[in-house]
C-alpha cells in the first residue's frame, strides 16, 4: 500500500507572482530574489515569477490564471499602477498590487495605500524587504480567499 504524504512532506503548491515593468532589470532582480533560500522560510509554497512589460500583457496574464501578487512599476508605457489596480479589481480573485518605484516616497506610499494597493517597494529591490512584503501579502490574500466562501455560506444561512 502506498503511503500518502504527510502535510510536512507533501509537495508545495505553486504560487504565481507577476512582475510588471518595462525594465528587464526589475524582472531579473526579482527572479534572483525568488530563487534565494530564505524565500521558502517565509512561504510554504513554490513561487513562479511571470514577467510583463505593459498593462495589456499584465491583464492577459492575470485573466489566464490565479495570480495573487503583482509587483508593478509605478510608471508603465501609456499607463500606471493605478490602471492595473483598477482593472484587476474586476477579476474574480483580484491580486494584491505592490507598487515599485525608484522614487518610493511618503507621497507615493500614502497614495498607493489610499487607493487600495497592498504596499510600496523601493528600487533597487532589497531582497529581505521584497521577501517580507510579498510573503505577508500572500498570507493575507490566501486568508481572504479562504474566508470568502465561509462568509458567503453564513449569508445564505442567515
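Below are the figures for this structure:
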{"item": "Subset of region 71-89 [without any contact (Cβ under 8 Å) to a residue 60 or more places away in the chain and either part of a strand (DSSP E or B) or touching a helix residue (DSSP H, G or I) at 6+ places or on another chain (Cβ under 7 Å) (or both)]", "result": "72, 73, 74, 75, 76, 79, 80, 82, 83, 85, 87, 88"}
{"item": "Qualifying positions in region 90-122 - surrounded by fewer than 18 Cβ atoms within 10 Å (Cβ to Cβ) and either at positive phi or part of a loop (DSSP other than H, G, I, E, B) (or both)", "result": "90, 91, 92, 93, 102, 103, 104, 105, 116"}
{"item": "Criterion violated by residue 124 - all others in (1) out of contact with any helix residue (DSSP H, G or I) (no Cβ under 9 Å at 6 or more places or on another chain); (2) at pLDDT 95 or above satisfied", "result": "(1)"}
{"item": "Number of positions in region 123-137 that are within 17 Å of residue 31 (Cβ to Cβ) and part of a helix (DSSP H, G or I)", "result": "8"}
{"item": "Region 76-85, subset surrounded by 14 or more Cβ atoms within 10 Å (Cβ to Cβ) and out of contact with any strand residue (DSSP E or B) (no Cβ under 6 Å at 6 or more places or on another chain), residue nearest to residue 19 (Cα to Cα)", "result": "76"}
{"item": "Residue 63 being more than 18 Å from residue 134 (Cα to Cα) and within 15 Å of the chain's Cα centre (by Cα)", "result": "yes"}
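The values are calculated or read from the model by the stated rules, or taken from the named source; none is laboratory data. Keep in mind that what you see is a predicted model, and the values were worked out from it rather than measured. No Cβ is skipped: glycine too gets one built from the backbone with ideal geometry, and neighbour counts run over all protein chains shown.
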